[in-house]
Structures are given as C-alpha cells and as structure tokens.
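We did not get these values from a lab; they are worked out from the coordinates using the rules stated. Predicted, not measured: the structure shown is a model, and the values here were computed from it. Please note: Cβ atoms are built from the backbone with ideal geometry, for glycine as well, and neighbour counts cover all protein chains shown.
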Amino acid sequence: MFSPAKEKTFRCNLPGKFKKQFELKKDKQRVLDIVTVGDYVEFNLNDVNTGTIFSVKPRTNYISRKAPRIKGASTRGERLEQIICANVENLVVVASITLPKFNNRQLDRFIVCGETAGVNTIIVMNKSDLDKNREILYWEKLYKSIGYEVITTSTVSGYGIDKLKMHIFGKKSLFWGVSGVGKSSLLNSMYPELDFKTKEISNWSSKGKHTTVTSFMEKVGGNTFIIDSPGVREIEPFGIRKHDLSHYFVEFKDYLNECKFNTCTHYHEPGCAVVEAVENDLISVERYESYLNLLDTIEDDIIF
Ligand SMILES: Nc1nc2c(ncn2[C@@H]2O[C@H](COP(=O)(O)OP(=O)(O)OP(=O)(O)O)[C@@H](O)[C@H]2O)c(=O)[nH]1
Ligand SMILES: [Mg+2]
Ligand SMILES: [Zn+2]
C-alpha cells in the first residue's frame, strides 16, 4: 500500500474477519476484490514496514472485465467480475500494429471497459518503428474521428514518448492491453527509473507467457501515478446488458434515439438509425462489426 504523506511502501494484510464482512455484501463486490490497486485504505502499523488494513474507502470508479474462465472460479456458468484497479483518471489502452498484430475488435473491447468505468480512454499505437506499410494511419484516423486521443509511439525510436508522458502527467493511469504490446517498455521509456521487466524480442513470441505478472502502482513524480498490469489474453467487458451496449460506442449516441423501436439492439430491427448511419458511412463498418461481435457474446451471458 502507498502512503502519499510519507512516500513509503507498507506491506499490508487483510484480517480474516474483514474478508467475511465483505463476502456478506453480495452485490458487485467479490471476495477477491475487497481491495485492489489504486484503492485508498486505512491501516494500523504492525511494525515500521507492515500494516493491517481496517478500511477501504469508497471507489470513485474502477476498471474491470469478466474474469477468465477458470475451473472452480464460478458456479452455474456465471462469469465473475475481475477488478483491475480503482480510482484512476485514465485508461491507457496499449496496442501494437504488429507483434502482436493489431486487432481492432480487441481494442474496441478495451474501450468499452473504459467507457463503462467512466474514465478517460487514451489509445496508444505502439511499435510504429515496425509499421512499414503505415497501417497505423488508418486506425489512428478512425479513432480520432470519433473523439479518442490516439498516440502513436515507439520505444525503439522514441517517437511519441514525450507526448504520451504529457497526457498522463498529474493523473493516475492504468496501462492495459494484451501481452507483448509494450506496456512495460513504454513505462520504462517514459520513466527509466522504473526499470520494469520486459521480454527480450528474441523469445517474446512464445505465446501465453506474460512478462508482467501482477498489477502495481508507482508514483512517478508530482501527482503522476502509473499502474502497469499483466497482459490479458481475452478481454470481455463485465455487466453490460444487450440493450445498453450501444451507449458505450460513443459515436452511436447521436443515432440511438432515432431508431423506430426504443428497444432496438441495432442488429436486425427495421427502422434502425444506427444501421442507416453505417450504410451512409457515418459510422465505420469496423466499429459496427465490433459492436455486433460483442452483442453476440453478451447474449450467452448470465448477468447477475
Ligand atoms: N520494435 C519494437 N519493439 C517493442 C516496442 N515496445 C516494446 N517492444 C518489444 O516488445 C516486447 C514486449 O514488450 P513488453 O514491454 O514486455 O510488453 P508488455 O505489454 O509489458 O507485456 P506483458 O507484461 O506480458 O503484458 C519486448 O521484446 C519489447 O522490447 C517498440 O516500440 N518497437
Ligand atoms: Mg509488462
Ligand atoms: Zn437501432
């Protein structure tokens, strides 16, 4: 845990009694998420370096996803919510144009997680030095056109690093994305003192290996805090109902009230203003396909 007043790290534990109290509150909070990175806590000192937490302050926001399907982690096929961090201003979604290959549907899922959390989402397109065909330009234009900050970077050439640093200055930011896109490398480029572990290029491609294994927050000067997180393999936003999904695709908002049916899911319904906007090139086909793809996964989902 971090104590801003003293700028010292204390390793804290949670008393068992405390855990039981939380378990009884069967709303969104699950046992695993009693306390997460970015939470403000109060604790009693055990000795000069360790403490015992006795309260967790209410969160202003939190970023989450559906917990991966792990045997025994859920009952009756329910998907649990995994909270990644709390109380952040920025979600920095890191993608790379290659190694691993850029996947716009995946990016859109991270964006939806940011929108549901109500945080500012910044898109980072990393590894621009490998972008020989300038593929980034297409995506950069698309996401800028719908209002997102898009920052193209390379930790090899140093391109865009200062710009990114400027955008997260004085804020608390989560760096999130799939494994190998360069989250830790970007953080090291901006703040060399962090010296986070990153993987060598030569053995990076071995799938399923994550270099960063736990999320943690670091203060990097002034009021700037960064959270590095392990790369995720799959990203599914948690707790969205079918008829709400469209609200998290920001550029759909202008059309939602114009559909013939107010229960429209913008898929097959007649008189759908979203479909019409896609046909008239006012909404990009890629974003609409992402939407349908996500809508389809929500259908099988049990929301509780
Ligand atoms: N060419 C190129 N390689 C990069 C760039 N940024 C990072 N890399 C390489 O990409 C690999 C993965 O970088 P990491 O920083 O470990 O990626 P990560 O996103 O933190 O990965 P996880 O911790 O597993 O989630 C490393 O071999 C880096 O050297 C870049 O801008 N250009
Ligand atoms: Mg990492
Ligand atoms: Zn519609």
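Model label points for Lys163 and Ser55, set 7 angstrom from Cα along the Cα-to-Cβ axis, are 4.5 nm apart.
The value given for the stretch 85-228 is a Kirkwood hydrodynamic radius of 15.3 Å, derived from the mean inverse Cα-Cα separation.
For the pair Arg11 and Thr98, a Förster radius of 30 Å applied to the C-beta separation gives a FRET efficiency near 0.15, rounded to the nearest 0.05.
Each of the peptides 254-266, 122-134 was scored by the mean count of other Cβ atoms within 10 Å over its residues; in descending order, highest first, they stand as 122-134, 254-266. Starting from the Cα gyration tensor of the stretch 101-176, take the square roots of the eigenvalues, sort them a ≥ b ≥ c, and report rounded, prolate or oblate (rounded when a/c is under 1.5, otherwise prolate if a/b is larger than b/c, else oblate). Because a/c hits 1.5 or more and a/b fails to exceed b/c, the stretch 101-176 counts as oblate.
Amide H contacts under 5 Å for Val232: Gly177, Val178, Ser179, restricted to partners 5 or more places along the chain or on a different chain, H placed in the peptide plane at 1.01 Å from N.
For the stretch 242-299, the Kirkwood estimate of the hydrodynamic radius, built from every pair of different alpha carbons, is 11.2 Å. Pairs spanning more than 26 Å between alpha-carbon atoms, out of Lys165/Lys199; Lys132/Lys171; Lys66/Lys260; Lys101/Lys197: Lys132/Lys171; Lys66/Lys260. When DSSP beta bridges are restricted to pairs lying wholly in the stretch 85-228, around 20% turn out antiparallel.
Phi-derived couplings, Karplus 6.51 cos²θ - 1.76 cosθ + 1.60 at θ = phi - 60°, listed residue by residue for the stretch 61-66: 6, 7, 10, 9, 8, 6 Hz, with x used for Gly and Pro.
For Glu149, the residues 5 or more places off, or on other chains, whose built amide H falls under 5 Å of its own are Ile123.
In this label model, Asn280 and Ile146 are separated by 1.8 nm, measuring between points 7 Å along each Cα→Cβ vector. Centre-to-centre separation between the Cα atoms of the stretch 110-164 and those of the stretch 244-304: 24 Å.
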